[in-house]
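Structure first, commentary second.
All of the numbers you see were taken from the coordinates with simple rules; none came from a lab. What you see is a predicted model; the values in this text were computed from it and never measured. Methodologically, a virtual Cβ is constructed for each residue, glycine included, from the backbone with ideal geometry; neighbour enumeration extends over all protein chains shown.
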Amino acid sequence: GEGTFRTGAVNFEATPLIKAITNMERQVREPIQVRRVIEPQLARLAAQHITDEQLEELRNILRRQEERLKNGQDIIDLDKEFHHTIAKATDNNIFVGMLEALNNTLADTRIKSNMTHGGGQRGYAAHKNIFAALESHDPDKAEAETYDHIMGVERSMLRYFAEHETGK
């Protein structure tokens with residue numbers, strides 16, 4: 001071709017934009033990675049050890065989630081309670097402590113996932129599937145349902161960032 005072509009690096013201030021994109025990606029990726037590794041295994045163990053009392057506790061949490069969603073209220077605290085109850089059902093205090101320690105970090109994940117259109121309903125539906133697996137004491141199904149739930153949370157968070165954080 002003809003004309004003048006510049007071959008050197010273009011000097012413009014991309015650093016703030018790159019940092020913002022990288023930070024958003026980390027805000028999604030890191031908590032989801034932790035949840036993807038830990039929570040399906042907690043559900044697997046819980047399916048093997050869960051008691052009738054813990055199943056009733058989860059059933060009550062699901063009822064309260066359903067009621068709040070019908071009234072247009074969020075279920076973020078009940079989401080935390082649901083997963084905490086699963087951790088308790090592993091019969092391993094170290095796992096309970098790990099999940100409690102992670103809850104502050106995971107709070108943002110829960111909030112943003114629930115803020116997307118239908119996020120609370122999707123979470124509730126996933127919780128019902130996880131509960132059914134736990135109730136049938138099926139470790140494989142409990143693990144798979146929990147993994148699917150976490151992947152749904154990741155999709156919700158990415159949707160949230162697309163709608164709110166990037167200005168679209």
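Backbone phi angles across the range 38-55, fed through the Karplus curve with coefficients 6.51, -1.76 and 1.60 (θ = phi - 60°), yield HN-Hα couplings of 8, 5, x, 6, 4, 5, 4, 5, 4, 4, 7, 10, 4, 9, 4, 5, 5, 4 Hz in residue order; Gly and Pro are listed as x.
In order along the range 119-133, phi translates into HN-Hα couplings of x, x, 5, 5, x, 4, 4, 5, 4, 4, 5, 4, 4, 4, 5 Hz, rounded to whole numbers, per the Karplus curve 6.51 cos²θ - 1.76 cosθ + 1.60 with θ = phi - 60° and x for Gly and Pro.
Could you calculate the contour length gain from Gln33 to Asn93, that is, 0.36 nm times the residue separation minus the distance between their Cα atoms, to one decimal place in nm?
Extending this stretch completely gives an extra 19.4 nm.
Does a label point 7 Å from the Cα of Ser136, set along Cα-to-beta-carbon, have any residues of the range 56-91 with amide nitrogen under 19 Å, and which are they? Flagged as within label range: 56, 58-59. For the range 31-84, pairs of C-alpha atoms spaced more than 17 angstrom apart make up 47 percent of the total.
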